[in-house]
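Let me begin by presenting the structure, written as structure tokens, before commenting on it.
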Amino acid sequence: MSRSLSLAVALLVAPVVAADGPFDPAAKVEKLAGGFKFTEGCASDKDGNVYFTDQPNDRIHMWSADGKLSTFLEKSGRSNGLCVDAAGTLWACADEKNELWKIDPATKKAEVLVKDFKGKRLNGPNDIWVTPTGGAYFTDPLYQRPYWPKAEVEREKRGVYFYSPKGELTRVADDLTQPNGIIGTADGKTLYVADINARKTYRYAIGADGTLADKTLFCEKGSDGMTLDADGNVYLTSGAVWVFDQTGKQVAELKVPESPSNVCFGGKDRKTLFITARTGLYAIRCTVAGVGSQ
């Protein structure tokens, strides 16, 4: 299936933007593709191609930088959150067996990096951010899935984990009610984590050893997926796309025809914000470039 961004159906949905907001007031949301069951986990590579998941259908799709849709991987471990590292490798929160995967973009073969923590299975890795040095932070909330073989919860904490470049797994936060969206800054010094049930997003300082410090309330809003732009604005998804500047001040609100689950910047100039929202993939042009996966 091939569709061009320029030929996509323009929808009469425009953002509410403050004077310093990232959207052109004349911009409109465009629907790029539809017919999915539940889209999630969008992430872009260095060329601006955008990967996203259709978790109920157990697939990962790709929207190319030149506007073509393709199925990247069938039987994707019911992947949820995605991130692309500096080498172009796709990391996936494989929810089917509560694992963390790395997927080679050329061979499409998956390597299981994490399948448990101290002998107990995880609650279900949800969203992930890969650091500039090759480690990864991921959230592990609990959303009971009908395809899990048993209902018992083995992990009592709903935490945030760090997978080090050496392959060591540690839990770096365990005081959140339902950690979900996660994103870090390009310099690898700051991490944002959304506690979706508490309707709050926090900011942390990242230590040299991967530990987190200086937990600070960033804003009074939770989020599913998250992203950042080059100006340091933070994009949250909670009923709409909400944009906050570095101080935690809201600067924009974007309504989408379907409730958004995740966001990322892609396209050749990284000035297109891609939005996964229930059965569709949407996009809107921005006046500022986004921060890519790396």
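Couple of notes before you dig in:
- Applying the criterion of being polar (S, T, N, Q) and open to solvent by less than 10 Å² (accessible area, probe 1.4 Å) to the residues of region 272-289, the residue that is farthest from LYS37 (Cα to Cα) is THR272.
- Selected residue (criterion: surrounded by the fewest Cβ atoms within 10 Å (Cβ to Cβ)) from residues of region 21-44 that are out of contact with any Cys (no Cβ under 9 Å at 6 or more places or on another chain) and either under 14 Å from ARG285 (Cα atoms) or modelled with pLDDT under 65 (or both): ALA26
Listed here are the residues, each with its yes/no results for (1) open to solvent by 10 Å² or more (accessible area, probe 1.4 Å); (2) within 24 Å of LYS268 (Cβ to Cβ).
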site	(1), (2)
LEU69	yes, yes
SER79	no, no
ALA110	yes, no
GLY124	no, no
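- Near pairs, Cβ below 6 angstrom, 6+ apart or cross-chain, from region 114-140 (over 20 Å from GLY188 (Cα atoms)) to any residue that is among the hydrophobic types (A, V, I, L, M, F, W, C) and at pLDDT below 95: ASN123/LEU142; ASP140/LEU122
- Any hit, region 138-161, residues being of a type in the set (Phe, Trp, Tyr), surrounded by 13 or more Cβ atoms within 10 Å (Cβ to Cβ) and modelled with pLDDT under 95: yes
- Boolean, ALA252 is open to solvent by less than 10 Å² (accessible area, probe 1.4 Å) and more than 15 Å from the chain's Cα centre (by Cα): yes
- Selection count, region 45-57, where residues are in contact (Cβ under 8 Å) with a residue 24 or more places away in the chain, open to solvent by less than 30 Å² (accessible area, probe 1.4 Å) and of a type outside the set (A, V, I, L, M, F, W, C): 6
- Set ASP229, ASP174, ASP269, ASP224: member being open to solvent by 50 Å² or more (accessible area, probe 1.4 Å) and either in contact with a Cys (Cβ under 9 Å, 6 or more places away or on another chain) or within 24 Å of TYR51 (Cα to Cα) (or both): ASP269
- Matching residues in region 256-274 - criterion: being under 18 Å from PRO25 (Cβ atoms) and of a type in the set (A, V, I, L, M): VAL256, LEU273
- The condition (being under 24 Å from LYS255 (Cβ atoms) and at pLDDT 95 or above) is satisfied by just one residue among THR190, THR237: THR237.
- Flag for LEU217 being open to solvent by 10 Å² or more (accessible area, probe 1.4 Å) and either of a type in the set (A, V, I, L, M, F, W, C) or assigned to a loop (DSSP other than H, G, I, E, B) (or both): yes
To keep it simple, each residue is scored yes or no on (1) without any contact (Cβ under 8 Å) to a residue 12 or more places away in the chain; (2) open to solvent by less than 10 Å² (accessible area, probe 1.4 Å).
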| site | (1), (2) |
| --- | --- |
| ASN180 | no, yes |
| LEU191 | no, yes |
| ALA198 | no, no |
| TYR202 | no, no |
| GLY207 | yes, no |
| GLY210 | no, yes |
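- Checking each residue of region 87-106 against the condition of being part of a strand (DSSP E or B), open to solvent by 10 Å² or more (accessible area, probe 1.4 Å), farther than 21 Å from TYR161 by Cβ and not hydroxyl-bearing (Ser, Thr, Tyr) gives no match.
The values are calculated or read from the model by the stated rules, or taken from the named source; none is laboratory data. All of these numbers come straight from a predicted model, not from anything done at the bench. Positions of Cβ are backbone-derived with ideal geometry, glycine not excepted, and every protein chain shown enters the neighbour counts. Side chains included, ligands, DNA and RNA excluded: accessible areas come from the protein's heavy atoms. Shrake-Rupley method; radii C 1.70, N 1.55, O 1.52, S 1.80 Å.
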